[in-house]
1. For E75, indicate whether it is under 28 Å from A172 (Cα atoms) and among the acidic types (D, E).
2. Which of the residues belonging to region 55-91 are in contact with a Phe, Trp or Tyr (Cβ under 9 Å, 6 or more places away or on another chain), β-branched (V, I, T) and more than 12 Å from G10 (Cβ to Cβ)?
3. In region 81-97, is there at least one residue being in contact with an Asp or Glu (Cβ under 9 Å, 6 or more places away or on another chain), surrounded by fewer than 13 Cβ atoms within 10 Å (Cβ to Cβ) and either basic (K, R) or free of Cβ contacts under 8 Å to residues at least 60 places away in the same chain (or both)?
4. If you take just the helices (runs of 4 or more DSSP H) that sit entirely in region 1-91, which of them hold at least 3 residues that are under 24 Å from F143 (Cβ atoms)?
5. Can you tell me which residues in region 81-99 are of a type outside the set (G, A, S) and more than 19 Å from A34 (Cβ to Cβ)?
6. Say we look at region 95-119 and pick out the residues that are in contact with a Lys or Arg (Cβ under 9 Å, 6 or more places away or on another chain) and assigned to a loop (DSSP other than H, G, I, E, B); which of these is farthest from I45 (Cα to Cα)?
7. Restricting the search to region 130-146, which residues are without any contact (Cβ under 8 Å) to a residue 40 or more places away in the chain and in contact with a strand residue (DSSP E or B) (Cβ under 8 Å, 6 or more places away or on another chain)?
8. For W126, only one of the following conditions fails: (1) of a type outside the set (A, V, I, L, M); (2) assigned to a helix (DSSP H, G or I); (3) modelled with pLDDT of 95 or more. What is its number?
Amino acid sequence: MRKLCLGVLGSGKGSNFRAIHEAIRNGRIDARVAIVCSDVPEAGILQLARDAGIPRYSITETLFKTRLSKEREEELVKQLQGAGVELVVLAGYMRMLKSPMLNAFPRRIINIHPSLLPKFPGLMAWRQALESGERVSGCTVHFVDEGMDSGEVIAQAEVPILPGDTRESLHARIQEAEHLLYPEVIGRFVRGELP
């Protein structure tokens, strides 16, 4: 039986990619990563992909900081489609997606965010949660739309905010929850359990 092809987009170290790849290798997800793409040429996620023997693609954008130009995003779509990607997985990808990607992969782009959305969208959500006096934070997997962390929620995992937590300690515990939740949700998608 053919395995579902994933395309992973990331801008950083790639810890969620590592968790997903390990879940695939351990047989918890019946899929394969067909390509890893980054908007940061020196991103750790690309090195992880190289070490795993997975094709990589790096895209450079000089016009915008928070999104790709239409031409660059169309290039990215071609790379993903050329690799046979059926589900796009954002793993620390720090740019907003627009119509070229959203039209090419309708309801087939998911993201993980380090807060219990709709609370604290955007950057450094763990810091926002800590500074606002919340008692609970966590992570959310959601479908991607044109907004910032505004797509339909698929699943969430709660993480308590402990007395004495720092930004770093809270962020580390949220990442541990992400590394469990994201592979679980991808597995549900692969099994056809998500609409």
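The values are calculated or read from the model by the stated rules, or taken from the named source; none is laboratory data. Given the structure is predicted, the values throughout are model-derived calculations rather than measurements. Don't worry about glycine lacking a Cβ; one is built from the backbone with ideal geometry, like all the others, and counts go over all protein chains shown.
1. no
2. Result: V77, V85.
3. no
4. In region 1-91, 15-25, 70-82 are the helices (runs of 4 or more DSSP H) which contain 3 or more residues that are under 24 Å from F143 (Cβ atoms).
5. M94, R95, M96, K98
6. Of everything passing the filter in region 95-119, K98 is farthest from I45 (Cα to Cα).
7. Of everything in region 130-146, those that are without any contact (Cβ under 8 Å) to a residue 40 or more places away in the chain and in contact with a strand residue (DSSP E or B) (Cβ under 8 Å, 6 or more places away or on another chain) turn out to be R135, V136, S137, G138, T140, H142, F143.
8. (3)
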